[in-house]
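Following: one structure in structure tokens, then a few remarks.
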Amino acid sequence: GSADLGEREGEREMDMAMCVTMLLAMAALSGGQELSSKECENLGFTGLALCSDCKTFAEYVKDQELVSDCLKCCVEDSDDSMSKVTYAGALLEVCMRKLVFYPEIVG
């Protein structure tokens, strides 16, 4: 009777909650390829890096996590003239307190 109806409704609510949880988990996993602009900024990437720059970066920096973050924050290269800009040099700013954790930079 009515007890069975209440039990079925409770099961239906649990099934719905499970579906919502699974959908949220899948969305979080699929969204893992790109980071928000705020997350990228917190990591030190402005969003101006081209993905080809990240590949060049990977040749010199052996920190896979850093390269992975770069790839998650970069913009795809295009054929317009701005993507062909090269610079004569760059300035790498390093926090002196954290320098002890990166002996390869000190060398």
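Per-structure values
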read-out	value
Protection proxy ranking of 55-62, 34-41 - average other beta-carbon atoms within 10 Å, highest first	34-41, 55-62
Cα-based shape type of region 34-107, given that a ≥ b ≥ c are square roots of the gyration tensor eigenvalues and the cut on a/c is 1.5	prolate
Mean Cβ count within 10 Å, highest first, over the residues of peptides 64-76, 85-97	64-76, 85-97
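Only the coordinates and a few stated rules stand behind these numbers; no lab work does. Here the structure is a predicted model, which is why all the values come from computation and not from measurement. Every residue, glycine among them, receives a Cβ derived from its backbone with ideal geometry; neighbour counts consider all protein chains shown.
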